[in-house]
Every structure is written in structure tokens, then in C-alpha cells.
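Here's the structure, in C-alpha cells; my notes come after.
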Amino acid sequence: MGEIAIALLNKELKFCELSSESSNNTRIEAKVGRNKRAKIPYKNLIYRSGIHVNDAIDPQKFSSVATQMSKTLDLHLAWELLSQNLIENETEQIDVYEISDLLDFEKDPYLIAAIYLHIHKDSLFFSIYENGLLIHSPQNVEAVKTARVRSNRENEDEQTLIKSIKNQSIPSNPSDHQSQLIQYLKKFVILGESYSRSAKAIDLINRISNNSQGDLQKTGFKLLEPTGIINLDIPYELEKLEISTKFSGNLIKKSEILIPLDYEWEDLTHLPTYTIDDENTLDRDDAFSLDKDNNRIWIHITAVASIVDSGSIFDLEANNRMCSVYLPELTIPMLPRPISENISTLQPRFRRLCLSLRLDLDEKSKIIKHSFVKTTIETNDSLTYNDADNVFSNPTEQLHNLLSKIEQFTTNSKSERERQGAYSFNKPDVAIKISEAGKVNVSMSSAHSRSKDLIAELMIVYNAKIAHFFMTNQIPALYRSQDDSRNSHSVAAIGPLDWYLASRSMKPAKISVASGRHSGLGLDLYCQATSPLRRFTDLCLQRQAIEYISKSTNTYGPKELSNIGVESEIRVREIHGVESRRRKYWLLRFLEQEILNGTLPNRLVATVLENDSIRSALIELTEFPLRGRCLIPQEFKPGNECELKLNGVDLWDLTAQFSLL
């Protein structure tokens, strides 16, 4: 029969029965279970008892006796005597028999085994090291005691926090550890398993929810929302994309002391010049003028490149952000507000530098000559779209003739593009506003009006002409192209089904240093350079144009521009996704507020977009731009209308539950 021994297996002390040794004396074979054998490295063989298995004793009986003895041991006195001469923070290797002698155990195998078991379970004074023991210095012992006190306190804090969250609250004065755990939970709900502390957060969620199955992020949200830790009114999507809602103090300070340079650019301050924007717009980057007996139109784009130098801290910030973010509850400009809403915005009666497009027209409002010019302008007034539409409607208004003349040009330009295959979506615009009290207001307006169409076409003309400017002069640029759609459709999509089918057939626009046709706009060449305050790629292209006009050189080479284009496309797509999610969130909040909890009738008209036997029908509300799914009979075909009842909304999944009336 083999000798009973203690070995370290999988970080645990195990009693085993030794048998044969390897020829090179590096391992020894042992029976570690009823029918299990293992080859144990000698370094893992902690203690050989000298007792061999017989009818009266086996490893299990030996283990039982030694384990019971280990529970009554107190090694404190032995440690005090043995550690007297240790240097601060030092450890020293000792023999187990030094401890047993002090305890008057002599060399009793059961008691020696008990010492090892006790130390393995509680390594305050001693620890197992290879085949021997280490004694810890008083300083190390105190450090371990302090750590244990902290650990016990933290365990108590965790239990208290778990109990509080189960009761839909948090401790009134959370400890530092509890605050840290709350942050772990919150971050996991926002970021998911990509969060570095997700394992701890998942452990807490499982303990709070008694090992709930399914989507743990959603489970975490449901646990935290009643406590106030998580509030979906806050756009956490920004944190997921690492988009800061604020600029650094240093960046703000430096932007506040910027002084616009007064270059000797062509002075157009004598021309009547106007901007037309939404009523809440503060970053006005485009304006227009009419001169030379109404036969010359100027389209002005604020010269942000004259303020924001390539490689400057403002340029690096814009490069990092890539574009402005427009959420119903929040606007985050690409550039600090002192730039985007002050020294670079086209405010009335302030001199501003612009990169302007001059269009010379014939008597039929056709372009006979055009050029890009570095100019200085001063806008006379800033109109809202409503203001401008009222001017169109009233022939006695001072600006009626000016706007009408420009409209004649933009109408001709748009008609020509439509002949080349351009199409548009006549989808209404949704405006969502949130009051300070949290009340949501939703209003719908036409995407088209005479003033909106006028400004949109002026921007398209500018972008098309600057694309030709880059191509003609062989200047590296970022072109936007779009392949022909998969299916033919009308020039203007009208109604939910048309919008749905047209959007499915359209191929996505691409951005590249290689030029290509933009089928959606009916143009052979197209760039975007009209929003240098709001899009980084527009700012880069404006730099390219100004640099070439000034020095016949380029700021960027093709490779650098291509890299910027790729990064921009990815980032802008992510940001547009956040903007879309937030609009949908607030629209669902509005329906919950006004229909489920308010006074609006719970009867919603919807258009069927898809309806097959495989899944619930896809529908779009007629009054609000919201799609969802609902179980309706097969006789409802795409394009048919139906009346629905709203049964609930899920603000986490951004879905609404409907039933047929």
C-alpha cells in the first residue's frame, strides 16, 4: 500500500496515496480519488506523512482527522516567536517542524497535516511556498489584516447595495465602494460587454436578479431605472461613441481670443446679402447675393479655413468629432461655439470672409460663366424659412423680386437635374422639442417650401461647381457618388410606401477621392463643401480650394484625403445612427405621454409596408414617422391603410406594441 501525502492540485490541498516514482525523480504517481490517478510534480508534493494505507487508515480517514484538528489551531503565538527577528516587509522560509515544536506537537503526522491545512485556508501568518513554508513579517501581517477589514467592509457594502436595488433604491449616503459598483453597473448597461468591468457588473446583476436569463444589459436597465441610476432621457449613446458634449476649457479659452484676419479679399460688403435658415440656427454658414442688374448670383460659404488652420488644436478637435451632432435634446457643434456661433457664423452686419461662387446668368437664368472667389461680405439680415416664404407670397415685400429672380434660376437648375434622373423624397420633417419640465412636443412640417427648395438648390449648385473646379484643376478632393438605384421609381416619392420602396432600392452614397456620378442628384460630379462649420470633410475641401486659388498648391494629397474620407464616413454614419435613435426615442416618449398617459385618442392610422405569412406586418404611422410591427390579417396589402391601437412602448428596445382596431 502507498504512503499518504498532501499535494497541491489545482490550487487546493488534496490527500493522496503515493505509488511509483518517475525514473528522473521529477514526478510521482499518486491515487487522488477512488478511481483516479495523477502524476504529481515533486514541487507540488507538500507533505509525506510516513503513514501507509492499510485496513485501519486511508487518505479519506486521514484527511477527516487532520481537517478537524486544523479548525482548532491557533498559530498566532508561534508566529510571534518566530517573527521577532524579521526585517520590515521581509519573508523567511521555515520548516513546518519549527511550528510543531513550538506547539508541542512533536512530529505527529496528523498535527503536521493539520498545520498545512490551517495555513492553506488562512495565510495570515504563514503561507505555503513550494515544499515549505514562509513566515510573514509583522508589517505584512498588518497589511493583510487591513486588506481583510477592507474586503469585509466592501462585502457588507455590496450586500447592502444589492438589497437596496432590489427595493428600487440606493443607499442614501453610498460608500466609495458602493459608488464604484454603481458606476460599474451603469457603464455596463450603457456599453455592454465591451466595458472593462463588465464581469463584475454581470456578477452583481445576477445576484440582484437571482441569475436572470436573457439580455443582461436590459435586465440591468430594468433594475437600475427605478433607482434613478439610469435615465434614458440622457443620450448615453454619445458616451458609447466617446463623443464629449463639451469642449475643454483650454479650447474654449483659445477660441474666445481668436481674431478674424481681414485679408484683402474681394470686397462685396456693398451687395445686399441674406441668409435663410431654421429659426433656431446659430451656425449660419451660407448666404446669397444678387447684383449686376439681377444677372449675377453670389453663393457665399463662410471661410472657416481662414480661422481654423490645418493642424491647429481646433482642426484636431474637428477631425476627432468629424461633424456636429443634432439631437432633439442637445446640439453639439463640431467646433467650439465661439467659432461656430460667433466669429465664423454669418451674422447680420458683421464682416466675414467667404469662399464665394459667382454665377453670371443670361436672360433665361442659365449659367454662362462661373468662378470661385475669395470675398468679404456683410449680411443685411437673417431670415427664417417662414420669413422667406412670406416674402414669396407678398409681391409688395422689399425682397420679393430678389428672391423671385434667384428662384427662377434654382427652379431651372432643379428641372435640369430631374431630367438627368434626380429624385427627391417628399417626406415631412419632424420637429421634436423637449421642455425643461421634460414634456415632449412633436410637430410635422413639409420638407419642401419655396425658400427651403431655393436654399437646397443653391447648395447643390455650389457643391457641383466646386467638384468641377477640383476635377478641372486636378486638385485632390473627396467626391460623393451614388450608383443608379436597383429599381426605377418616380422623380418624387410620395407617401409611406413610396418612401419605403424607394429607400430600399437606393444604393448608398459613397465618398472617395475617385470621382463618380451621383444618380440621386442627377449630377456627373458632386462634392460637399457648403458646411465647413458642421462637417470636417467640407472644411478640408474648402482648404483645398482656398489654397489652390491663393498659391496654386494643395493642402492635402490624395492619400491623406482618402484616409480622412474613410474615417469620416464611418464616424458620420455612427453619429447619424445616434441622431436617428434619439428621434425615435423621443417620438416614442411623446406617444407614451400623449396617448397612453394623456388625452390623445388611441386610434392611429398606419400604412402597410410589408405583410406576409412569415412574420408580423411592417407598418408606418401616417401622422408620425414611426415604423413598427403588428399582427394584421393577410388581406391587408402593402399600401393599404389600417387603424391601430397603441398598447405600449419599450424605450430600451425602441419599439411600440400595436393591435388592429
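Among Arg349, Arg417, Arg27, what is the fewest-to-most ranking by other Cβ atoms within 10 Å?
Arg349, Arg27, Arg417
Going from the alpha-carbon gyration tensor of the chain, what semi-axes, largest first and in whole Å, does one get by taking the root of 5 times each eigenvalue? Don't jump to the answer; show the numbers that get you there.
Numbers: eigenvalues 1076, 207, 121 Å².
Whole-Å semi-axes of the equivalent ellipsoid: 73, 32, 25.
Where does the charge balance sit around Ser449 when Lys and Arg score +1, Asp and Glu -1, over other residues with C-beta under 11 Å from its C-beta?
My count for the surroundings of Ser449 gives -1.
Counting pairs of alpha carbon atoms under 8 Å apart in space and at least six apart in sequence, what relative contact order in percent does the range 3-136 give?
For the range 3-136, the relative contact order is 23 percent.
What FRET efficiency do you get for Ser64 and Ala38 if R0 is 22 Å and r is their Cβ-Cβ distance, rounded to the nearest 0.05?
Efficiency computed from Cβ-Cβ geometry: 0.55.
From the residues Ser172, Ser151, Pro260, which one has its Cα farthest along the dipole of the chain in the positive direction, the dipole being from +1 and -1 charges on Cβ of Lys/Arg and Asp/Glu about the Cα centre?
Among Ser172, Ser151, Pro260, the one farthest towards the positive end of the dipole of the chain is Pro260.
Please give the length that would be gained between Arg615 and Leu600 if that part of the chain were fully extended, namely 0.36 nm times their separation in residues minus their C-alpha to C-alpha distance (nm, one decimal). Intermediate values should be presented prior to the final figure.
Working: separation 15, 0.36 × 15 = 5.40 nm, distance 2.96 nm.
Going from the current span to full extension adds 2.4 nm.
Set the Förster distance to 41 Å, then compute FRET efficiency between Leu660 and Glu225 from the Cβ-Cβ distance, nearest 0.05.
Between Leu660 and Glu225 the formula returns 0.85.
Could you give me the radius of gyration and the Dmax of the range 513-640, taking only the C-alpha atoms into account and expressing both in angstrom?
So, for the range 513-640, Rg and Dmax equal 22.7, 68 Å respectively.
By Kyte-Doolittle mean hydropathy of at least -0.5 and Cα axial length of at least 20 Å, which whole DSSP H helices of the chain are selected?
Within the chain the helices that satisfy the rule are 176-191, 450-472, 536-551.
Any idea what diffusion coefficient the range 1-69 gets from Stokes-Einstein, in µm²/s, Kirkwood Rh on alpha carbon pairs, 4 °C, 1.567 mPa s?
This corresponds to a translational diffusion coefficient of 107 µm²/s.
Among Cys642, Cys16, what is the fewest-to-most ranking by other Cβ atoms within 10 Å?
Lowest to highest Cβ neighbour count: Cys642, Cys16.
List every residue whose amide H lies under 5 Å from the amide H of Thr379, counting only residues 5 or more places away in sequence or on a different chain, with H placed 1.01 Å from N in the peptide plane.
It is Arg349, Phe350, by chain and number.
Counting only C-alpha contacts under 8 Å and six or more residues apart, can you give the relative contact order of the chain as a whole percent?
8 percent
Residue separation times 0.36 nm, minus the C-alpha to C-alpha distance between Gln168 and Lys107: what's the value?
Full-extension gain reported as 16.1 nm.
Charges on Cβ only, +1 for Lys and Arg, -1 for Asp and Glu, centred on the Cα centroid of the chain; of Pro109, Met506, Gly639, which one is farthest towards the dipole's positive end?
Going by the charge dipole, the pick is Gly639.
Report the Cα centroid-to-centroid distance between the range 597-653 and the range 396-457 in angstrom, as an integer.
Centre-to-centre distance over Cα atoms comes out at 29 Å.
Using 1/(1 + (r/R0)^6) with R0 = 60 angstrom and r between the beta carbons of Glu567 and Lys145, what's the FRET efficiency to the nearest 0.05?
Details: r = 53 Å, r/R0 = 0.88.
Efficiency at R0 = 60 Å is approximately 0.70.
Please compute the alpha carbon radius of gyration of the range 254-299, then divide it by the globular-protein estimate 2.2 N^0.38 Å. Two decimals is fine.
For the range 254-299, the normalised Cα radius of gyration is 1.50.
Over the range 198-297, how many pairs of lysines fall under 27 Å by alpha carbon, counting only those 8 or more apart in sequence or from different chains?
Taking the Cα cut-off of 27 Å, the pair count is 6.
Relative to the present Cα-Cα distance, how much length would full extension add between Thr281 and Thr331 at 0.36 nm per residue of separation? Working shown, then result.
Values: separation 50, 0.36 × 50 = 18.00 nm, distance 1.06 nm.
Using 0.36 nm per residue and subtracting the Cα-Cα distance, I get 16.9 nm.
Provide the convex hull volume over Cα atoms per residue for the range 77-149, in Å³. List each step's numbers first, then the result.
Details: hull volume 6.2 nm³, N = 73.
It comes to 85 Å³ per residue, whole-number rounded.
Could you work out [θ]222 nm for the chain from helices alone, using -39500 (n - 2.57) per DSSP H run of at least four and dividing by all its residues? Round to the nearest 500 deg cm²/dmol. Could you put the intermediate results ahead of the total?
Working: 17 runs with 238 residues, N = 661.
Here the helix-only value at 222 nm equals -11500 deg cm²/dmol.
Rounded, prolate or oblate for the range 249-582? Axes are the square roots of the Cα gyration tensor eigenvalues, ordered a ≥ b ≥ c, and the cut-off for rounded is a/c under 1.5.
Here the range 249-582 falls in the rounded category.
Please order Trp499, Trp298 by the number of other Cβ within 10 Å, starting at the fewest.
Ranking Trp499, Trp298 by Cβ neighbours within 10 Å, fewest first, gives Trp499, Trp298.
Let me check I have the definition right: for the range 3-136, take the eigenvalues of the Cα gyration tensor, multiply each by 5, take square roots. What are those semi-axes in whole Å, largest first?
So the equivalent ellipsoid measures 27, 17, 12 Å along its semi-axes.
Which lysines, on any chain, are close to Lys61 with Cα under 23 Å apart, when same-chain ones fewer than 8 places away are left out?
Excluding near neighbours in sequence, the set is Lys11, Lys14, Lys31, Lys36, Lys39, Lys71, Lys107, Lys121.
Just so you know, all these numbers are worked out from the coordinates, no wet-lab data involved. Note that the structure is a prediction, hence the values are computed from the model and not measured. In this analysis, Cβ positions are derived from the backbone assuming ideal geometry, glycine residues included, and neighbour counts consider all displayed protein chains.
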